[in-house]
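Q: One structure, as structure tokens, below. Some questions next.
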There are 2 protein chains.
Amino acid sequence: MERVYFDHAATTPTRPEVLQAMLPYYTEHWGNPSSLHLEGVAALEGVERARTHLATLLGADSDEIVFTGSGTEADNHALAGVAHALGDKGDHIITSAIEHHAIHDTVEHLGRVGVRATHLPVDEAGLVDPDAVRSAITDRTILVSVMHANNEMGTIEPIAEIGAVCRERGVLFHTDAVQTVGHVPIDVRRMNIDLLSLSAHKLYGPKGVGALFMRDGVTITSYVHGGGQESGRRASTENVAGIVGLGEAARLAGEEMEQETAHTSGLRDQIIGGILGAIPDVLLTGHPTQRLPNSASFCVAGIEGEALLLDLDQEGFAVSTGSACTSGVSEPSHVLLALGLPPDIARSSIRITVGRGNTAEEVDRLLEVFPRIVKRLRDMSAHRPALAERVPHD
Amino acid sequence: MERVYFDHAATTPTRPEVLQAMLPYYTEHWGNPSSLHLEGVAALEGVERARTHLATLLGADSDEIVFTGSGTEADNHALAGVAHALGDKGDHIITSAIEHHAIHDTVEHLGRVGVRATHLPVDEAGLVDPDAVRSAITDRTILVSVMHANNEMGTIEPIAEIGAVCRERGVLFHTDAVQTVGHVPIDVRRMNIDLLSLSAHKLYGPKGVGALFMRDGVTITSYVHGGGQESGRRASTENVAGIVGLGEAARLAGEEMEQETAHTSGLRDQIIGGILGAIPDVLLTGHPTQRLPNSASFCVAGIEGEALLLDLDQEGFAVSTGSACTSGVSEPSHVLLALGLPPDIARSSIRITVGRGNTAEEVDRLLEVFPRIVKRLRDMSAHRPALAERVPHD
């Protein structure tokens, strides 16, 4: 049985074109970009070309791009870098209740050095209110960090409006755009973004490389210390092949985004319509329309999401209950709780995220299997709540 | 003209066997190791196999290995992680005057949160005295960090003895082993090592992946926050292909170290003998025998090391003046100054580091070209110091 991969929010396959672009940097141009000799210069050229490709995708200048080892490192860098650099201006960070753990855990860690955080609530569709950001800003606020789109339930946040509020109030604005770069148009200027994190492996690039956009004029403390790489902004010998892969993935994404979005959002809507139509007591989580083009996420009352995931895996489908980074954790998702869902409903979540390689036939196959599994699991479970009475505004 | 690469301390080519081991993790097993489905499990198996290979090379258990994005990140993690975790026990770190900037700059950064550092001097051969470590330890000392071998002048430090002093005094011992792992035998138990940093691209693995050995029982604070990867010790989706590459490089290094060392140390001694024999007023920097098997490093009085490097590059040879991470920086090396060398002598440094692919014929070609370039550069320079009177104990 051929496997069907529906977990593109967890990671995407490395595109063959991306791997082809990377290979010469393993076999031929494997020099250290800091070296002054020919071998070093050849490697450096690969890094700088990638920087230009990525900057173009974001509407940035190439010297505003700092390559990192992951999107998570970029998030850590942004938050800790602002907290250190602006420590004498303030100690308050505003973020949202639905951020990735890379933001939440870093904010918590910064609490040890005196940083205070406000976690803004979201509405039942997962949206942060830009007016709530305005109200939360104090004269001690040094940073607002709100994600571009949520990894678990797909809602796209009004970051341009939030960025405008921050700009108006003179506060730096960071967005974790790990789920959107390469999939949703981004223009860092128009969206008033000062800092933006991204990860290559979410846009058909390799794992182990990310980047932090830092607007020209924004000076924050380095996170990894010890060498002059990345213009002194991130020490470590560059992951040259990985960076080249990120650059190529960004270049391809820029060229193909429109057609990819049309393809994935078509499959997404086929999944959403198919599941909501075939199965009673299922809730689409996140915003009904203002959501990632590739993401369909549900709560299926009366079952455990993980049981559904494992049964689908047995039937050949790779899906997720939510964030891959917390798989196997039995706690209900903080994101779904923030939507106002009760813990048992939050535990019934399933996330189906499509990619450029998926087909309508694969979705058809899923829609055959999915209701059957849900029925079996529900038949096995003792209780079956009436969903409509238990979720907010439904 | 075929190029000759003599800069293996800066970076090594990725071995074809290593790349072959990595490729399936780009083309086939590209899942997210945190995912619970089949695709995730396949990726996780690659990561865990690599962990076992690396642990075997170090004489460690596999759960003592934490993969990182670079050797520099591992250094940052070790120092900051101990400083945070043991902040209530003490605030004093002991290190040496010849550490890589990944240590020096991190120690300096930790100064902002109240960490005080002692930088132990070295003798004219670059050795740290274990008795000096003992004398420097106070009841506020939480960590000693002394590198295994110096990247610029090749001296191998008596880390087993230093580790024994630390163990005796109940202080954690970290060593930056970026230059030695895969090239010099390491046994973390016998050497009394609590924390050890390494980098894949120095042992014929890929760039963008490193590791931190943490002895079982040593609990330090995470450095990159935001997910449960690496048993909660380093958040970020794993660089699966890179980690697999590091594992394969470690496995091969363990099998072939003896024959590689015989090969490289033969070439190294051919270079040292040839250059010292052919050119007057040249100083071998570092210890004459207790040094990296692949490293020959010199000061060539009367010239600028960078001019020599660029001329050698023109003639087809890739060498370095010292650390690649600070190439292009005009300051004399802190390592060479720590040996007691005057700044102008320190600026005349050149480092020739051989690898498994080099041959005696390539060294012969270098030994033809090198004296000629030195003579031309010296003829162009106004002064020529009498080296013997200007360096300590020479």
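Q: Determine whether region A:245-254 contains at least one residue that is touching a helix residue (DSSP H, G or I) at 6+ places or on another chain (Cβ under 8 Å) and either part of a loop (DSSP other than H, G, I, E, B) or of a type in the set (Lys, Arg) (or both).
A: Yes, because at least one residue in region A:245-254 is touching a helix residue (DSSP H, G or I) at 6+ places or on another chain (Cβ under 8 Å) and either part of a loop (DSSP other than H, G, I, E, B) or of a type in the set (Lys, Arg) (or both).
Q: For a quick check of your reading of the model, give me the residue pairs whose first member lies in region A:6-20 and is under 23 Å from residue A:367 (Cα atoms), whose second is surrounded by fewer than 22 Cβ atoms within 10 Å (Cβ to Cβ), with beta-carbon atoms closer than 6 Å and at least 6 apart or on different chains.
A: Pairs that qualify, where the first residue is under 23 Å from residue A:367 (Cα atoms) and the partner is surrounded by fewer than 22 Cβ atoms within 10 Å (Cβ to Cβ), are A:8/A:355; A:12/A:355.
Q: Additional query: Does residue B:248 fit the bill of being over 28 Å from residue B:366 (Cα atoms) and without any contact (Cβ under 8 Å) to a residue 12 or more places away in the chain?
A: Here the answer is no, as residue B:248 does not meet what is asked.
Q: Conditions first: (1) more than 20 Å from the chain's Cα centre (by Cα); (2) within 30 Å of residue A:7 (Cβ to Cβ). Residue A:138 passes all but one, so which condition is the exception?
A: Single failed check for residue A:138: (2).
Q: Check every one of the helices (runs of 4 or more DSSP H) wholly within region B:295-381 and list those with 2 or more residues that are within 12 Å of chain A (Cβ to nearest Cβ).
A: The qualifying helices (runs of 4 or more DSSP H) are B:305-314.
Q: For the condition farther than 30 Å from residue B:10 by Cβ, touching a strand residue (DSSP E or B) at 6+ places or on another chain (Cβ under 9 Å) and surrounded by 17 or more Cβ atoms within 10 Å (Cβ to Cβ), what is the one hit in B:141, B:175?
A: Criteria check complete, one pass: B:141.
Q: Another one. Which condition does residue B:225 not pass, out of (1) crowded, with 21+ Cβ neighbours inside 10 Å; (2) in contact (Cβ under 8 Å) with a residue 12 or more places away in the chain; (3) assigned to a loop (DSSP other than H, G, I, E, B), if it passes all the others?
A: (2)
Q: Could I ask something else about it? Among the candidates A:286, A:205, A:242, single out the residue that is crowded, with 24+ Cβ neighbours inside 10 Å and on the phi > 0 side of the Ramachandran plot.
A: Selected residue: A:286, the only one of A:286, A:205, A:242 that is crowded, with 24+ Cβ neighbours inside 10 Å and on the phi > 0 side of the Ramachandran plot.
Q: What is the number of the single condition among (1) farther than 24 Å from residue A:181 by Cβ; (2) away from chain B (no Cβ under 14 Å) that residue A:62 does not meet?
A: Only one criterion in (1) farther than 24 Å from residue A:181 by Cβ; (2) away from chain B (no Cβ under 14 Å) is unmet by residue A:62, namely (1).
Q: Let me ask another. Applying the selection to region A:175-195, what residues are more than 14 Å from chain B (Cβ to nearest Cβ), over 19 Å from residue A:248 (Cα atoms) and in contact with a helix residue (DSSP H, G or I) (Cβ under 9 Å, 6 or more places away or on another chain)?
A: Across region A:175-195, the qualifying residues are A:175, A:188, A:190, A:191, A:192, A:193, A:194, A:195.
Q: So, of the residues in region A:207-222 that are outside any loop (DSSP other than H, G, I, E, B) and more than 10 Å from every other protein chain (Cβ to nearest Cβ), which turns out to be farthest from residue A:16 (Cα to Cα)?
A: The qualifying residue farthest from residue A:16 (Cα to Cα) is A:214.
Q: Considering only region A:228-239, state which residues are in contact (Cβ under 8 Å) with a residue 24 or more places away in the chain, of a type outside the set (S, T, N, Q) and surrounded by 24 or more Cβ atoms within 10 Å (Cβ to Cβ).
A: Correct list: A:234, A:238.
Q: Separate question: Hey, any hits in region B:248-270 for a residue that's within 14 Å of chain A (Cβ to nearest Cβ) and either surrounded by 23 or more Cβ atoms within 10 Å (Cβ to Cβ) or touching a strand residue (DSSP E or B) at 6+ places or on another chain (Cβ under 7 Å) (or both)?
A: Yes: one or more hits.
Q: Among the numbered conditions (1) touching an Asp or Glu at 6+ places or on another chain (Cβ under 8 Å); (2) aliphatic (A, V, I, L, M); (3) surrounded by 24 or more Cβ atoms within 10 Å (Cβ to Cβ), tell me where residue A:127 comes up short.
A: The one condition residue A:127 does not meet is (3).
Q: If residue A:204 satisfies every condition in (1) farther than 27 Å from residue B:33 by Cβ; (2) within 14 Å of chain B (Cβ to nearest Cβ); (3) assigned to a loop (DSSP other than H, G, I, E, B) but one, which is the exception?
A: (1)
Q: Moving on. So, residue B:233, is that one of a type in the set (Lys, Arg) and not assigned by TED's automatic domain parsing to the domain that holds residue B:53 or not?
A: Against the criterion (of a type in the set (Lys, Arg) and not assigned by TED's automatic domain parsing to the domain that holds residue B:53), residue B:233 does not qualify.
Q: Out of curiosity, is residue A:182 surrounded by fewer than 24 Cβ atoms within 10 Å (Cβ to Cβ) and in a loop (DSSP other than H, G, I, E, B)?
A: no
Residue-wise test of (1) touching a strand residue (DSSP E or B) at 6+ places or on another chain (Cβ under 8 Å); (2) buried (at least 18 other Cβ atoms within 10 Å of the Cβ).
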{"residue": "A:111", "(1), (2)": "yes, no"}
{"residue": "A:115", "(1), (2)": "yes, yes"}
{"residue": "A:135", "(1), (2)": "no, no"}
{"residue": "A:151", "(1), (2)": "no, yes"}
{"residue": "A:157", "(1), (2)": "yes, yes"}
{"residue": "A:166", "(1), (2)": "yes, yes"}
{"residue": "A:187", "(1), (2)": "no, no"}
{"residue": "A:194", "(1), (2)": "yes, yes"}
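Q: Could you list, in sequence order, all residues of region B:106-127 that are within 13 Å of another protein chain (Cβ to nearest Cβ) and closer than 23 Å to residue B:198 by Cβ?
A: Once the filter is applied, which keeps residues that are within 13 Å of another protein chain (Cβ to nearest Cβ) and closer than 23 Å to residue B:198 by Cβ, region B:106-127 yields B:106, B:107, B:108, B:109, B:110.
Q: Just a yes or no: is a residue in region A:34-41 part of a helix (DSSP H, G or I), without any contact (Cβ under 8 Å) to a residue 60 or more places away in the chain and crowded, with 19+ Cβ neighbours inside 10 Å?
A: Yes, there is a match, as at least one residue in region A:34-41 is part of a helix (DSSP H, G or I), without any contact (Cβ under 8 Å) to a residue 60 or more places away in the chain and crowded, with 19+ Cβ neighbours inside 10 Å.
Q: Sort out which residues of region A:22-32 are in contact with a Lys or Arg (Cβ under 9 Å, 6 or more places away or on another chain) and under 16 Å from residue A:48 (Cβ atoms), and write them in order of number.
A: Residues satisfying the conditions are A:25, A:32.
Q: Another question, if that's okay. Tell me which residues, restricted to region A:1-33, are within 22 Å of residue A:204 (Cα to Cα), polar (S, T, N, Q) and crowded, with 22+ Cβ neighbours inside 10 Å.
A: Matches in region A:1-33: A:11, A:12, A:14.
Q: For region B:1-22, name all the residues that are facing chain A (nearest Cβ under 8 Å), assigned to a loop (DSSP other than H, G, I, E, B) and of a type in the set (A, V, I, L, M).
A: Correct list: B:10 only.
Q: Tell me, which residue of region B:77-105 that is within 27 Å of residue B:238 (Cβ to Cβ), touching a strand residue (DSSP E or B) at 6+ places or on another chain (Cβ under 9 Å) and not hydrophobic (A, V, I, L, M, F, W, C) is farthest from the other protein chains (Cβ to nearest Cβ)?
A: B:81
The values are calculated or read from the model by the stated rules, or taken from the named source; none is laboratory data. Please read all numbers here as calculations on a predicted model, not as lab measurements. Glycine also receives a Cβ, built like all others from the backbone with ideal geometry; neighbour counts cover every protein chain displayed.
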